[in-house]
Amino acid sequence: MIGIICAMQIEADGILALCENKKTAEKYGMTFTTGTLNGKELVVVVCGVGKVNAAMCASTLINDYRPELVINSGVAGALSPLVTVGDIVIGTKAVEHDMNTTALGDKQGEVSFPDGKVLFFDCDPEASRLLEQSCADIGDTKTVRGIIASGDVFVSDRKKRMLINDRFGALACEMEGAAIGHVCRCCKTPFAILRAISDDLNENKGVDFVKFCALAAEKTVKAINNFTAAV
């Protein structure tokens with residue numbers, strides 16, 4: 001089984017529309033929909049925006065459904081001129097850019113665990129490779145692999161976006177991926193991040209996000225469809 005976590009309903013609707021044999025279960029205010037897509041068992045859920053929502057969702061998904069892979073799918077903002085609206089970024093690593101215990105001598109973004117400290121959460125390389133291949137037939141779309149930064153803030157200021165890029169080398173920012181990666185690391189569950197760029201360094205206001213969100217979501221849905229057909 002593959003788990004698909006989206007932050008917003010618009011990001012999940014296209015996937016759900018393609019699924020067959022659907023059944024739903026309500027858990028902690030979230031709707032988990034199981035079904036099949038291209039013969040592959042899926043569980044799709046909308047977690048809500050932000051790292052805490054994403055972490056709670058990922059933990060419930062893993063504990064209750066035991067997926068072999070968790071994919072965080074949705075939209076993101078560009079942190080680099082290398083990507084623009086409509087491009088797709090496949091995560092290689094994720095970082096919590098707003099995690100800050102630098103006053104204690106830690107690096108910005110570093111997370112402390114009982115067994116040590118982690119700056120980046122590694123995405124599953126094979127899943128990331130297959131997701132990249134799954135984007136090959138999406139027209140007028142550049143697909144790149146790179147670091148994705150997550151934080152509990154919608155970063156609209158160009159200078160702040162460029163600062164995150166400079167600090168972590170991240171190509172895109174959003175509000176859930178690294179939190180899902182955080183939980184997946186603890187649960188020893190492979191994860192991947194698929195994000196379509198909905199707003200770039202120039203088109204980065206809230207109105208632009210809304211304008212391009214539907215277009216970006218269409219691309220991630222096609223990628224997920226292709227991915228399930230390939231695995």
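Laboratory data are not the source of any read-out in this text; all were calculated from the coordinates shown. The shown structure was predicted, so the numbers you read here are calculated from the model rather than taken from an experiment. Cβ placement follows ideal geometry from the backbone for every residue including glycine, while neighbour counts extend to all protein chains displayed.
How charged is the neighbourhood of residue 168? Take every other residue with its Cβ under 12 Å from the Cβ of residue 168, and add Lys/Arg as +1 and Asp/Glu as -1.
Combined, the nearby Lys, Arg, Asp and Glu give 0.
Give me the one-decimal nm value for the distance between modelled label points at residue 154 and residue 218, 7 Å along each residue's Cα-to-Cβ direction.
About 2.2 nm, to one decimal.
Alpha carbons only, please: Rg and Dmax for the range 109-231, in angstrom.
Cα-based Rg and Dmax for the range 109-231 come out at 15.3, 46 Å.
Quick one: of 160/219; 93/159; 107/188; 40/222; 51/159; 93/117, which pairs are farther than 18 Å apart, Cα to Cα?
Among 160/219; 93/159; 107/188; 40/222; 51/159; 93/117, the Cα-Cα distance tops 18 Å for 160/219; 93/159; 107/188; 51/159.
When the Cα centres of the range 1-55 and the range 85-126 are compared, how far apart do they sit, in Å?
That distance is 24 Å.
Using DSSP to call loops (not H, G, I, E or B), can you name the trypsin sites (Lys or Arg not before Pro) in the range 81-187 whose Cβ has at most 16 other Cβ atoms within 10 angstrom?
107, 142
Sticking to Cα atoms, compute the Rg of the range 26-146 to one decimal and its Dmax as the biggest Cα-Cα distance, whole number, in Å.
Looking at the range 26-146, its Cα Rg and Dmax stand at 16.7, 51 Å.
At q = 0.09, 0.10, 0.15, 0.16 Å⁻¹, what base-10 log of I(q)/I(0) does the Debye formula yield for the chain when every alpha carbon is treated as an equal point scatterer in vacuo?
-0.32, -0.40, -0.92, -1.06
Rounded to the nearest 5, what is the percent of antiparallel bridges among the DSSP beta bridges in the chain?
45 percent
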